[in-house]
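Written out below as structure tokens is the structure these notes cover.
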Amino acid sequence: MTAPAAKAGPLAGVRVLELGSMYAAPTCGRMLRDFGADVIKVEDPTSGDYARQWTPMKNGQSFGFARLNSGKRSVAIDLRSDGGRDLVRRLAAQADVVIENFRPGRMDAWGLGYQTLAADNPGIVVTSVSGFGQTGPYKEKPGFGTVAETGSGFAYINGWPETPPTSPPFGFADSISGISAAMGTAMALFRRERTGQGDHVDVSLYEPLMFIVGDMIMNYTGTGFVQGRVGNGTGSASPRGVYQAADGKWLSIAASNQGIAKRLFAAMGRPELIEDPRYATNEVRMQHNDELQEMVVAWVAERPRDEILKVLDEYEVVCSQVNDASDIVEDPHFQERTLVELTGSEALGRVLMPGPVLHFAGEAAPVYDGVPSIGEHTDEVLTELLALSSGEISALAEAGTVRSGKVAVPEL
């Protein structure tokens, strides 16, 4: 049985109805759940959220689904049926927030658009996540994270000059847009506290990522320069990059301001470089970046990684080892601050995952206890919020409108 959302946190008492599937909208739901909201996840009664089928898996349970949905309550309702849409509208009338990630226009066609839900519940905050947003020529185009990563310009500048444009091997755009959607939802709730009025939050998959790479757009409009791929550099500060030590292990160095560059040169035993006209300022360092990078590469390659990192730490140079998953799990800092245990899942056993993305002083971390099965909380939620009797719920289940949580159904 999945535990309800933590009672502590700045969003304690906020009820969220999550109509989203896959990645971005459920990420928003997880952000809100992490800080105290009660998140009710509406899933298809037959297949559930498609993310349940994501790999990697263990014993039929998706790690990705578990990470984004632990602690939520699953209600299985068929949105393709009139009865199912009626139930969702009634549930929305009891909610503070509705998160959805259908193509723009779909919610209106179902009679569940913002104006309809706000007529029932003027304080409702509807957060819509879509590929290209609710307005503009592309609003009806389907969009996943890969499209956002390429369309935003990110993939074009990611990689090396001799390699193709590269999308990341994880849900980068979805995650960024999901976190942005949670921020927008929180801002709408804040305004509602002052005015009593709800709002419609419109988040596209590509815009948060385009914001991150926005300097390249400004540079083009200001100078006409089209930024290309620069490998592990930023194209804006030097020296910066990922370097291989003598033992074959990798580390990163970011001398992204004047003070750090000066300390790096001192750590390398070359303090005079900061006086050299070719390396005295970041602007000239970028003009001579290739030769400067060769110096750093050669210096790092002289010693094992731990020794290089020790020297860099002594000189307060921004640096890190390049971590794989095993490095992260064994790191005492991440163990204390970041990693949390997902418990209560027989399929997964004991696993660790990243916890909340930020911390509040004095607030206990949320508990992640189990992963909801499809419709596990249908009876509980429909009884609690809509006062339906067991007979009414059974009739809805027999009609296929809902999946009752009392019926044990194996996971896909």
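The values are calculated or read from the model by the stated rules, or taken from the named source; none is laboratory data. Predicted model, so just to flag it, every value in this text is computed and none were measured. Here the Cβ positions follow ideal geometry from the backbone for every residue, glycine too, while neighbour counts run over all protein chains shown.
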Any chance you could count how many residues in the range 296-355 are polar (S, T, N, Q), touching a strand residue (DSSP E or B) at 6+ places or on another chain (Cβ under 7 Å) and either under 21 Å from ILE260 (Cβ atoms) or not assigned by TED's automatic domain parsing to the domain that holds SER373 (or both)?
2
Among residues of the range 124-149 being crowded, with 18+ Cβ neighbours inside 10 Å and either over 29 Å from GLN94 (Cα atoms) or of a type in the set (Phe, Trp, Tyr) (or both), the residue modelled with the lowest pLDDT is GLY143
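Which is basic (Lys, Arg) and closer than 20 Å to VAL230 by Cα, of ARG270, ARG285?
Result: ARG285 is the single residue among ARG270, ARG285 that is basic (Lys, Arg) and closer than 20 Å to VAL230 by Cα.
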Qualifying positions in the range 13-49 - part of a loop (DSSP other than H, G, I, E, B), over 17 Å from VAL75 (Cα atoms) and among the hydroxyl-bearing types (Ser, Thr, Tyr):
TYR23
Of the residues in the range 220-240, those that are of a type in the set (S, T, N, Q) and at pLDDT 95 or above come to THR221, THR223
Among the residues that make up the range 335-356, is at least one of them touching a residue at least 40 places away in the same chain (Cβ under 8 Å) and at positive phi?
yes
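Can you name the residue in the range 339-387 that is among the hydroxyl-bearing types (Ser, Thr, Tyr) and at pLDDT 95 or above and, of all such residues, is surrounded by the fewest Cβ atoms within 10 Å (Cβ to Cβ)?
THR383
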Any pair with Cβ under 8 angstrom, 6 or more apart, that starts in the range 79-103 at a residue that is part of a loop (DSSP other than H, G, I, E, B) and ends at one that is basic (Lys, Arg)
LEU79/ARG85; GLN94/ARG15; ALA95/ARG15; ASP96/ARG15
Residue by residue through the range 70-102, note down the ones that are surrounded by fewer than 22 Cβ atoms within 10 Å (Cβ to Cβ) and of a type in the set (Ser, Thr, Tyr).
SER81
For the range 241-250, name all the residues that are at pLDDT 95 or above and surrounded by 19 or more Cβ atoms within 10 Å (Cβ to Cβ).
TYR243, ALA245
The range 187-205: number of residues that are surrounded by fewer than 20 Cβ atoms within 10 Å (Cβ to Cβ) and either within 20 Å of MET216 (Cβ to Cβ) or out of contact with any Ser or Thr (no Cβ under 8 Å at 6 or more places or on another chain) (or both):
9
Considering only helices (runs of 4 or more DSSP H) wholly within the range 135-206, the ones with at least 1 residues that are aromatic (Phe, Trp, Tyr) are 154-157, 172-195
